[in-house]
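The values are calculated or read from the model by the stated rules, or taken from the named source; none is laboratory data. Fair warning: this is a prediction, and the values are worked out from it, not measured in the lab. Backbone-built Cβ (ideal geometry, glycine too); neighbour counts: all protein chains shown.
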């Protein structure tokens with residue numbers, strides 16, 4: 001799946017000249033943690049988030065005193081006291097194209113510690129993807145499709161065990177009766193044993209899994 005499949009297209013934004021108060025009220029009203037900032041040409045210019053606002057002077061000067069001394073400069077002073085969005089926003093926001101894969105989006109969020117990513121086309125924001133959108137994709141994901149019947153289920157499970165997990169086709173396998181899978185054989189470690197169970201449970205039509213695999217030397 002791609003960003004275009006899960007993004008929200010009705011994006012709430014603010015302009016460079018808007019006030020910080022306006023941005024905060026907009027976040028509260030829409031229950032969101034960040035807003036894309038748009039320039040006069042309608043293109044993405046920055047992002048203002050809750051994190052940008054945590055060192056505001058209104059929260060007390062002690063919040064500034066806890067910062068590293070190197071950060072207590074003129075730039076920090078402006079960000080903590082200016083009422084213009086353009087002064088407070090992050091001016092180099094991370095954004096993604098419409099065809100960004102969900103796995104890549106999740107990796108960016110984890111690496112950067114961010115919750116929302118603007119989706120852009122020709123510099124203009126066409127959507128936004130949040131962590132909750134990724135969670136929704138997990139819920140909507142369907143198990144692998146396969147033809148009904150024990151023989152078809154067994155074939156699908158064994159294919160995934162051997163092709164996807166790389167388990168030995170002679171040392172491991174699965175049998176199926178009344179759509180219940182029994183896993184057998186020897187695997188290298190407990191992680192491979194659990195991966196085999198998850199693989200079997202992911203095949204459509206499976207009603208249960210009994211894992212009789214033992215842990216030892218692979219292929220033993």
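Data overview
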| read-out | value |
| --- | --- |
| Helices (runs of 4 or more DSSP H) contained entirely in the stretch 78-196, each with at least 2 residues that are exposed (fewer than 14 other Cβ atoms within 10 Å of the Cβ) | 102-112, 131-140 |
| Which listed residue is modelled with pLDDT under 85 and either in the same structural domain as residue 116 (by TED's automatic domain parsing) or closer than 23 Å to residue 16 by Cβ (or both), from 46, 34, 51 | 51 |
| Residues being touching a residue at least 12 places away in the same chain (Cβ under 8 Å) and either part of a helix (DSSP H, G or I) or within 19 Å of the chain's Cα centre (by Cα) (or both) - total across the stretch 12-50 | 16 |
| Flag for residue 39 being closer than 26 Å to residue 15 by Cα, at pLDDT 90 or above and exposed (fewer than 14 other Cβ atoms within 10 Å of the Cβ) | no |
| Only listed residue being touching a helix residue (DSSP H, G or I) at 6+ places or on another chain (Cβ under 9 Å), modelled with pLDDT of 85 or more, in the same structural domain as residue 41 (by TED's automatic domain parsing) and more than 26 Å from residue 16 (Cα to Cα), chosen from 102, 117 | 102 |
| Qualifying residue in the stretch 81-91 (condition: touching a helix residue (DSSP H, G or I) at 6+ places or on another chain (Cβ under 9 Å) and more than 25 Å from residue 42 (Cα to Cα)) | yes |
| Condition met for residue 9 (in contact with a helix residue (DSSP H, G or I) (Cβ under 6 Å, 6 or more places away or on another chain), assigned by TED's automatic domain parsing to the domain that holds residue 97, touching a residue at least 60 places away in the same chain (Cβ under 8 Å) and farther than 11 Å from residue 88 by Cβ) | no |
| Residue satisfying all of: in the stretch 59-70; surrounded by 12 or more Cβ atoms within 10 Å (Cβ to Cβ) and in a helix (DSSP H, G or I); modelled with the highest pLDDT among these | 59 |
| Residue count, the stretch 157-189 (criterion: under 25 Å from residue 138 (Cα atoms) and touching a residue at least 24 places away in the same chain (Cβ under 8 Å)) | 8 |
| Residue list for the stretch 197-220, restricted to those being part of a loop (DSSP other than H, G, I, E, B) and within 16 Å of residue 152 (Cβ to Cβ) | 202, 204, 205, 206, 207 |
